[in-house]
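A short write-up of the structure that comes next.
Taken together, the values in this text are just the output of simple stated rules run on the coordinates, not laboratory data. Bear in mind that the values here come from a model prediction, so they are computed numbers and not experimental data. Because the Cβ atoms are built from the backbone with ideal geometry, glycine has one as well, and the counts that use them run over all protein chains shown.
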Amino acid sequence: MNTNSLKLVFCILMQVFLCISISAQNRYMSVIDKFVEKRKQYESISYDMVLLRKSFIMEDTILSVAHVDMVRDQKDTLFGGEFSIAIEDTLWYGYDGQKIMRGEIESSTLTIADPIKYPGVFITSTWVDNFLDYGFIKMGQGPKSLLADPMIKATFSDTMIGNWPCVAILFNLPDEGEVYNRTIFMAIDTIEYYARSRMYSAFFQGSEQYTNWWFKEPKYGNNTTIEKLDGSYESTFKQIEQYSPDTSYEEKPIEFDYAQLTGKIYNKDEIVNLSDSKANFIILDFWYTSCYPCIKGIPSVNRLYRDFKDKGVAVYGVNMLDDEVKSKARLEKFFKNNLIEYTSLMVETTVADQIGITSYPTLLVLDKDFQIIYMEDGFNEDLYEEVAAVLNEKLK
């Protein structure tokens, strides 16, 4: 076969391959279009969900199962509709447009909250929020919105989820700071056009964090009400109370005598008693291994240590949540991935309640009399500048 013949064969093969690729792409897009359009035709959805969650650094996966009923209501500005979430035989969450409810099955206690005063209570920003299919209730474009983003790369394939043939889409998302290999996986069945599975995954310091949603027995409908929200289910609870936020932590100042704080230096047999410190100022950085904001704050505390260690300032990391023996592997991984230049103290967990630290990270600056002269709870990008300003003023 001469050169011209080879070129002709190559061109024909390329055209065939291109036609096959275009045909497959059109088929995949057709499934997505049918999925989006079908969801718009109905006003309600019900499903059983298997939810798998794992956070950065944590070793175990948490599994939860729930039955969910949702009814769309475009007039509702909080959630976009009403819902009922029954988590196994332990918890129930409901929203009827007028109140948010949390039921504890074992104690037969129902707590009712006003959604106007407390819109984020029980659901929003908690793990329970994962059970709600916001794409349905708010009539989102689903995978089409991701496909329209030029920064996101997508690949298609055919797969099986249980007994259902599905189109699988893997979206590769841009890195976000130190979080990398961010992906979203979605599988839509090619028979009834339901979302059968969805997964978000990301990596940080070699550890994966993911949430995996498995939709079991999904069913669309045009229901306008949810059975458990008709009032009869509420009456099955023996104790009904109104939600009132716990503000005791705001009203109660930290009264712990920090001169009595004692901790074991990580991976050593040496004990540190703050009462023995001769420093003019002491910085305490409260952290634990599964706290991502704590990790983000380490460079600032390292910088404070480097700049003030020769100026009469002692710096300690204080861990009251991780057990040095039980969490040995997790701690080793943490210190391998995060350079901490200052001394890390492992403190008995019973001390946590005495000190009253309620959020992490929390950073305190103590004077030589062990009185707090600066406090920051949560991650603060300007932490170094703020603490340095306080110390420089005091060191004049």
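Find out how many positive minus negative residues lie around ASP60, taking Lys and Arg as positive, Asp and Glu as negative, among other residues whose Cβ is under 13 Å from that of ASP60. The partial results should precede the final answer.
Numbers: positive: ARG53, LYS54, LYS326, ARG330; negative: GLU59, GLU208.
Residues close to ASP60 contribute a combined charge of +2.
From least to most packed, judged by other beta carbons within 10 angstrom and beginning with the fewest, TRP92, TRP287 follow the order TRP92, TRP287.
Computed extension gain for GLN260 through GLU217, at 0.36 nm per residue and net of the alpha carbon distance, reaches 9.7 nm.
Find, among the GluC sites (Glu not before Pro) in the stretch 58-134, those assigned to loop by DSSP (not H, G, I, E, B) with at most 14 other beta-carbon atoms within 10 angstrom. Don't skip to the answer; put the middle values down first.
Working: sites: GLU59, GLU82, GLU88, GLU104, GLU106; in loops: GLU59, GLU88, GLU106.
Loop-located and lightly packed - GLU59, GLU88, GLU106.
The phi-based Karplus calculation (6.51 cos²θ - 1.76 cosθ + 1.60; θ = phi - 60°) puts the 3J(HN,Hα) values of the stretch 319-332 at 10, 10, 10, 8, 8, 4, 8, 5, 9, 4, 5, 5, 5, 4 Hz, whole numbers, x for Gly and Pro. The ranking of TYR316, TYR118 from fewest to most other beta carbons within 10 Å of each one's beta carbon is TYR118, TYR316.
Where only DSSP H runs of four or more residues are counted, the chain gives -7500 deg cm²/dmol as its mean residue ellipticity at 222 nm, each run worth -39500 (n - 2.57).
Among rounded, prolate and oblate, which fits the stretch 36-245 when a ≥ b ≥ c are the square roots of the eigenvalues of its C-alpha gyration tensor, a/c under 1.5 means rounded, and a/b larger than b/c means prolate? Note, shape of the stretch 36-245 comes out prolate.
About the centre of its Cα atoms, the chain shows a dipole size close to 1780 debye [charges on the beta carbon of Lys, Arg (+1) and Asp, Glu (-1) only; nearest 20 debye].
When you restrict to C-alpha pairs under 8 Å that are six or more residues apart and normalise by the size of the stretch 250-394, the relative contact order lands at 31 percent.
Note on the stretch 250-394: dipole from Cβ charges, positive end direction compared against VAL325, VAL387, TYR258; the farthest Cα belongs to VAL325.
What does the C-alpha gyration tensor say about the overall shape of the chain? Classify as rounded when a/c is under 1.5, otherwise prolate if a/b is larger than b/c, or oblate. Since a/c reaches 1.5 but b/c is at least a/b, the shape of the chain is classed as oblate.
Modelled spin-label separation between SER275 and GLU59, with each label point placed 7 Å from Cα along the Cα-to-Cβ direction: 3.6 nm.
How big is D for the stretch 322-393, in µm² s⁻¹ as a whole number, if Stokes-Einstein is applied with the Kirkwood radius of its Cα pairs at 25 °C and 0.890 mPa s? Please list the in-between numbers first.
Details: Rh = 14.6 Å.
It diffuses with D of about 168 µm²/s by this estimate.
Sorted into 10 angstrom bins from 0, the C-alpha pair distances of the stretch 21-155 split as 10, 32, 32, 19, 5, 1 percent. Please label the shape of the stretch 250-394 as rounded, prolate or oblate, based on the square roots a ≥ b ≥ c of the eigenvalues of the alpha-carbon gyration tensor (a/c under 1.5 means rounded; beyond that, a/b larger than b/c means prolate, else oblate). Because its axes are fairly even, with a/c under 1.5, the stretch 250-394 counts as rounded.
Segment SER30..ASP89, full-extension length gain: 17.3 nm, with 0.36 nm per residue of separation and the alpha-carbon distance subtracted. Can you check what the net charge comes to around TYR194, using other residues whose Cβ is under 12 Å from the Cβ of TYR194 (Lys, Arg +1; Asp, Glu -1)? Charge balance in the 12 Å sphere: +3.
What order do you get for LEU339, LEU261 when you list them from fewest to most C-beta neighbours inside 10 Å? Working shown, then result.
Working: LEU339 9, LEU261 23.
Placing the least packed residue first, the sequence is LEU339, LEU261.
To the nearest ten degrees, helix 383-394 and the longest principal axis of the Cα atoms of the chain are 10 degrees apart. Phi angles of the stretch 120-128 translate, via the Karplus equation with coefficients 6.51, -1.76, 1.60 and θ = phi - 60°, into HN-Hα couplings of x, 6, 6, 10, 4, 6, 10, 5, 5 Hz per residue; Gly and Pro are given as x.
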